[in-house]
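What follows is a single structure, written as structure tokens, with notes after it.
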């Protein structure tokens, strides 16, 4: 069950882009994600899913409205504080795994932890634990290019979860996977939520909704709870 404590709160957020004409990407969006809650953001391509996740994750700034994650005012963060927020508070899962192909699965997970200040011993131990959790302990020493597509996505998810983020932002992470592998990845993300990580899972795939605590529909930059 989702906690009543809010991990993320979005209030009246709007965003537009200038692409030869003014394009309203988001219009007065309100959204809350509780600690340990898995919220599925359901919408077609171009509905505003990626834009909303980018704003919540501090990759872009809203034109108006407020975004708070873990009590931090995301719009107010600058420079080093913003970098630390992205590194320590937010985890990302994307359509593509984005691994370094010549590094092993273990190295792809522990090196980001070391860059955050952990000793190599600590980073390797934590990376080993999380790779085991996603079922890849026996593949830890294989280079990324030697792994299947599904295995690469599991490594990428392990990398995101290894830093124990408050909020995991999943942007169509199953879009390029076959149905069986997509279900495996979604199950792992569901387990992360059950362990206390807040999850906002953006997708166009209705099959994902069966894993959700709550489904929010986004259309033309506006959101509503699913009926």
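The values are calculated or read from the model by the stated rules, or taken from the named source; none is laboratory data. Just so you know, these numbers come straight off a predicted model, no measurement behind them. So basically every Cβ, Gly included, is an ideal-geometry build from the backbone, and we count neighbours across all protein chains shown.
Annotations
- Residue identified as surrounded by fewer than 17 Cβ atoms within 10 Å (Cβ to Cβ), in contact (Cβ under 8 Å) with a residue 24 or more places away in the chain and under 18 Å from residue 185 (Cα atoms) among 98, 91: 98
- Residue 158 being in a helix (DSSP H, G or I) and under 12 Å from the mean Cα position of the chain (by Cα): yes
- Residues in the stretch 5-39 that are surrounded by 20 or more Cβ atoms within 10 Å (Cβ to Cβ) and out of contact with any strand residue (DSSP E or B) (no Cβ under 7 Å at 6 or more places or on another chain): none.
- Contact map, the stretch 71-83: first residue in contact (Cβ under 8 Å) with a residue 24 or more places away in the chain, second residue in a loop (DSSP other than H, G, I, E, B), Cβ cut-off under 7 Å, separation 6 or more or different chains; pairs are 82/58.
- Of the listed requirements (1) surrounded by 13 or more Cβ atoms within 10 Å (Cβ to Cβ); (2) assigned by TED's automatic domain parsing to the domain that holds residue 44, residue 131 misses just one: (2).
- Among the residues of the stretch 129-144, those that are more than 21 Å from the chain's Cα centre (by Cα) and closer than 20 Å to residue 184 by Cα comprise 137, 138, 139, 140.
- Of the residues making up the stretch 111-164, just one is in contact (Cβ under 8 Å) with a residue 24 or more places away in the chain and at positive phi, namely 164.
- Unique residue being more than 13 Å from the chain's Cα centre (by Cα) and surrounded by 15 or more Cβ atoms within 10 Å (Cβ to Cβ) when the list is 53, 59, 42: 42
- Strands (runs of 3 or more DSSP E) wholly inside the stretch 169-226 containing at least 3 residues that are buried (at least 16 other Cβ atoms within 10 Å of the Cβ) and modelled with pLDDT of 95 or more: 198-203, 214-219
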